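So the structure is just underneath, and the comments pick up after that.
The values are calculated or read from the model by the stated rules, or taken from the named source; none is laboratory data. What you see is a predicted model; the values in this text were computed from it and never measured. All Cβ positions, glycine included, derive from the backbone under ideal geometry; neighbour counts span all protein chains shown. Accessible surface is based on the protein model in full, side chains and every heavy atom, while ligands, DNA and RNA are left aside. Shrake-Rupley method; radii C 1.70, N 1.55, O 1.52, S 1.80 Å.
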Amino acid sequence: MATLARLQARLPGLREECFRRNRSVDEHRKKEYKAAVKIQSWFRGCRVRAYIRYLNNMIIIIQKWWRGYQGRRYFRKMVETAYFIMKMNFYNEMAVRIQKRWRGYYVRKYTHNYYALKKYLEAISVNNEIVRKELNEYAEMKEKEKKKKDLEKKEKEKEHQARKMHYLLSTEQIAGIYNSPFSKSPDPMELLLRKSKPLSHSQQPAKNHLICELCDWSNCTRSPTFPAAQPLPPIGRQKPQGPFRDTAEVLRQRYKPLEPTLRVAASINSLEKAREEIKREEWRNRVHDNEFLPFSSYHKNEKYDPSIHRSGKYGQETYGVKHFREVQPKKWIADKDFQTVLPSIVLFERFGKTYSRTGQIV
Amino acid sequence: MSQRQVLQGVMALLRPLLLDVVPTIQQTAALALGRLANYNDELAEAVVKGDILPQLVCSLSEQNRFYKKAAAFVLRAVGKHSPQLAQAIVQCGALETLVICLEDFDPGVKEAAAWALGYIARHNSELSQAVVDAGAVPLLVLCIQEPEIALKRIAASTLSDISKHSPELAQTVVDAGAIAHLAQMILNPDAKLKRQVLSALSQIAKHSVDLAELVVEAEIFPVVLTCLKDSDEYVKKNGATLTREIAKHTPELSQLIVNAGGVAAVIDCIGSCRGTVRLPGIMMLGYVAAHSENLSMAVIVSKGIPPLCTCLIEENEDHIKAAAAWALGQVGRHTPEHARAVAVANVLPTLLSMYMDTHSSEDLQVKAKKALKNILQKCTYLPALEPLLHDAPPNILKHIVGQFSKVLPHDSKARRLFVTTGGLKKVQEIKAEPGSLLQEYINTINNCYPEEIVRYYSPGYSEILLERVENYHPVL
């Protein structure tokens, strides 16, 4: 009990002491608390920083390895492409060499073939000779024809002259001009005169008329002339007794040929007649007389009646409608149609067009 | 002027006669007007001013064939003088009536109408177009098929006049199917018809490659070559014109003509004619040779150069000489072989003299110079170049010396010949500016020879030697 009392006596002092101690501790507690917190935080920071540093180093190692790996891969790729390009250049070089030789050979042998050119030129000379010969022959033939025509014309003229001058024929008593008694044989004209029949003036040569008509009508240089033939009176008729007119005059008047004027030569209604003629011919040749009407509603009600050819009971024939030529596609050799091409020297055309273009480099 | 008054008086008198009752009087009055207008263009103008044309045109459709012929004659006579008169005819509506006349039965009427249309279409392309618009071309093609020769001639000449102005007009004529009929008529023996037909075909072919190919497809070769041997000069000329118009377009067409032997025929034709008739043949050879060196070699092989040289020398007219010079230039300009063939014919001095001659026309001088230059730039045949050294002016001399400088370094015989013929001496005498091309060539030539020879031939060498004699102190 004494202790208890003693303790109880000490109690308020204890209480105070306790309070004092707690109070002092309390005063410093905040400060100490803050200090402790600071120290701890610093330490934790150090720890974390060390950890992070450690992580960083690890990461660097990983990244280093990874980048090395990537770099090596890239390098390998680069090496591969460089190698490829080197190989391709080499191949191209070699290919160029081969192609150079081949092109030179080909051009020299086929396109600019010296011997083919020579042969072609020789062929041209030969062809020219042939053409020249043929043309000369043709020209000679024409010359001969012309000469023959001239000769014939001269002959005809001579004969015509002889016929006109038949009265110059020599008789037994009187020697004619062409049969001089001092010459040994008569002139060729004399012989012609003997052969020819005397010309009668009633028939005028109508042929010359036609030939000169064409050019003169077109030039309108020749005015329309009237034939002015005068028949001779008959020989050896005695003059009839009596108050008769001169025979020649009478005959002239009686047998005066008809001289139609321009107006009469062509009938006034020749134009109309010709028009009628044409109309008649057209009417004759027409298939039907229906007028050709314009495409208007007039035709709506009319039914189309096909011709006999198209309305057969075996159906419409396609020949004449769908095709105009008989074709047999099974007999054809190729699918393409004929192509008209001007003939030319095929060899010389192939220069520059003989190769494909796939050899070009990237 | 009293003549004009007389003219007006005459027109005033003739005009009422056209309306006379009697048809013969009308026809004779029309004939008189036609002959007056035919004579000179003042009278034709008086006819137009006297308002006679509308009257004529109206009555053309009704009257009979003699009147139609006479009226068409009047229109032709008026239209031939000048484009303005032809325009006046077109404006009074004569074209339609003339085209109706083309359908008439009488060949004389058709001929007169076709002739009138031809003279109208001749002047320029607008009038031609007017004629074509009136629908004349198909009727003309029908006229060509008629049997009368005069009508064929006139129709062919009208088609030629229509198609000569422009490619479209030529195409219109071709579309009417004219080429086939014209090609058939080449074989006709009548010379004047052949002239017109060949002229028509050449006017069609001259415009473009397609038209020329169409003409060729009508199979005119080798028939046309017989025309080149005809006795009529103008048939030959027109035949040569046709081949020229075809050959000038493309190398393939020229090749076709060469393969058919056309070059030989044209060369013979040139040899046998004189004067302007030769000109188309010469130009044809020039065109063929210009296309490629193979064709040029073909011309040389067909012995084309001697006729060209004779043309150059013989002819008096400058334009023919110019054409011959141009053709020779085209033949010789391709390779040294060609130039050699031309040089061997001894034609270079002639060309040079033509270039230097002051009397020759400018065109001739230009062409001669060009031909000379072209040939010289490829010529390696030295004997032909020697004579030119002495006379040539500096601009030509440069080419000649250039050629020598190319050949001499490689050929020792040529060098010897060059010295002996006095060429080296001449080269030393040439004064050239230092640094110019001529000086370089001269240096090249001098380098081919040893020093002594060059000094020996240089001008004034004797002076130098004499000076050395003077300055020499004899050693006693």
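Please work out which residue is most open to solvent (accessible area, probe 1.4 Å), limiting yourself to the stretch B:410-443 and to residues that are hydroxyl-bearing (Ser, Thr, Tyr) and more than 44 Å from the chain's Cα centre (by Cα).
B:420
For the stretch B:232-333, the helices (runs of 4 or more DSSP H) that sit wholly inside it and include 2 or more residues that are polar (S, T, N, Q) are B:233-247, B:251-259, B:293-301.
None of B:398, B:406 is under 15 Å from residue B:336 (Cα atoms), outside any loop (DSSP other than H, G, I, E, B) and charged (D, E, K, R) except B:406. For first residues located in the stretch B:65-93 and open to solvent by 10 Å² or more (accessible area, probe 1.4 Å), partners that are in a helix (DSSP H, G or I) and aromatic (Phe, Trp, Tyr) and lie 6+ apart or on another chain with Cβ distances below 6 Å form the pairs B:76/B:115; B:76/B:119; B:80/B:119.
Considering each of A:179, A:113, A:92 in turn, give the residue that is within 14 Å of another protein chain (Cβ to nearest Cβ) and surrounded by 11 or more Cβ atoms within 10 Å (Cβ to Cβ). Lay out the reasoning, then the answer.
Values: A:179 fails: within 14 Å of another protein chain (Cβ to nearest Cβ); A:92 fails: within 14 Å of another protein chain (Cβ to nearest Cβ).
After ruling out the rest, the residue left standing is A:113.
Among the residues making up the stretch B:220-231, those that are within 7 Å of chain A (Cβ to nearest Cβ) and outside any loop (DSSP other than H, G, I, E, B) are B:225, B:226. Exactly one residue out of B:29, B:46, B:12 is small (Gly, Ala, Ser) and either within 41 Å of the chain's Cα centre (by Cα) or open to solvent by 80 Å² or more (accessible area, probe 1.4 Å) (or both): that is B:46.
Please go through the stretch A:149-176 and pick out each residue that is away from chain B (no Cβ under 14 Å) and of a type in the set (D, E, K, R). Answer for the stretch A:149-176, where residues must be away from chain B (no Cβ under 14 Å) and of a type in the set (D, E, K, R): A:152, A:153, A:154, A:155, A:156, A:157, A:158, A:159, A:163, A:164, A:172.
Meeting the requirement of 1 or more residues that are at the interface with another protein chain (Cβ under 10 Å from one of its Cβ atoms) and not β-branched (Val, Ile, Thr), the helices (runs of 4 or more DSSP H) wholly within the stretch B:16-89 are B:23-39, B:65-79.
Note on the stretch B:143-156: residues that are surrounded by fewer than 16 Cβ atoms within 10 Å (Cβ to Cβ) and more than 13 Å from every other protein chain (Cβ to nearest Cβ) total 1.
When each of A:140, A:159, A:145, A:155 is tested for being in contact with a helix residue (DSSP H, G or I) (Cβ under 8 Å, 6 or more places away or on another chain) and on the phi < 0 side of the Ramachandran plot, the lone residue that passes is A:159. Against the numbered list (1) under 15 Å from the mean Cα position of the chain (by Cα); (2) farther than 25 Å from residue A:342 by Cβ; (3) among the charged types (D, E, K, R), residue B:232 comes up short only at (1). Against the condition open to solvent by 90 Å² or more (accessible area, probe 1.4 Å), at pLDDT 90 or above and either within 14 Å of another protein chain (Cβ to nearest Cβ) or closer than 30 Å to residue A:196 by Cα (or both), how does residue A:129 come out, does it pass? Judged against the criteria, residue A:129 is a match.
Take residue B:95 and tell me if it is away from every other protein chain (no Cβ under 12 Å) and outside any helix (DSSP H, G or I). Full working, then the answer.
Working: away from every other protein chain (no Cβ under 12 Å): yes; outside any helix (DSSP H, G or I): no.
Here the answer is no, as residue B:95 does not meet what is asked.
For residue A:106, the conditions (1) of a type in the set (Ser, Thr, Tyr); (2) open to solvent by less than 100 Å² (accessible area, probe 1.4 Å); (3) within 14 Å of chain B (Cβ to nearest Cβ) are fulfilled apart from (3).
When B:313, B:305, B:246, B:267 are checked against the criterion of being within 21 Å of residue B:372 (Cβ to Cβ), open to solvent by less than 40 Å² (accessible area, probe 1.4 Å) and not small (Gly, Ala, Ser), B:305 stands alone in meeting it. Residue B:59 meets all of the listed conditions (1) within 22 Å of residue A:275 (Cα to Cα); (2) open to solvent by 20 Å² or more (accessible area, probe 1.4 Å) but one, namely (2). Looking only at residues in the stretch B:275-293 that are out of contact with any Asp or Glu (no Cβ under 8 Å at 6 or more places or on another chain) and open to solvent by 40 Å² or more (accessible area, probe 1.4 Å), the one that is farthest from the other protein chains (Cβ to nearest Cβ) is B:283. The criterion of at least 1 residues that are within 58 Å of the chain's Cα centre (by Cα), modelled with pLDDT of 75 or more and within 14 Å of chain B (Cβ to nearest Cβ) is met, among helices (runs of 4 or more DSSP H) falling completely within the stretch A:211-316, by A:270-285.
Against the conditions (1) surrounded by 24 or more Cβ atoms within 10 Å (Cβ to Cβ); (2) more than 14 Å from chain A (Cβ to nearest Cβ), residue B:116 satisfies every one except (2).
Only one of the numbered conditions (1) in contact (Cβ under 8 Å) with a residue 40 or more places away in the chain; (2) more than 14 Å from chain A (Cβ to nearest Cβ) is not met by residue B:182, and that is (1). Out of B:7, B:18, B:75, one residue alone is hydrophobic (A, V, I, L, M, F, W, C) and within 38 Å of the chain's Cα centre (by Cα). It is B:75. Per the conditions (1) within 17 Å of the chain's Cα centre (by Cα); (2) within 13 Å of another protein chain (Cβ to nearest Cβ); (3) within 24 Å of residue B:209 (Cβ to Cβ), the sole criterion not satisfied by residue B:267 is (3).
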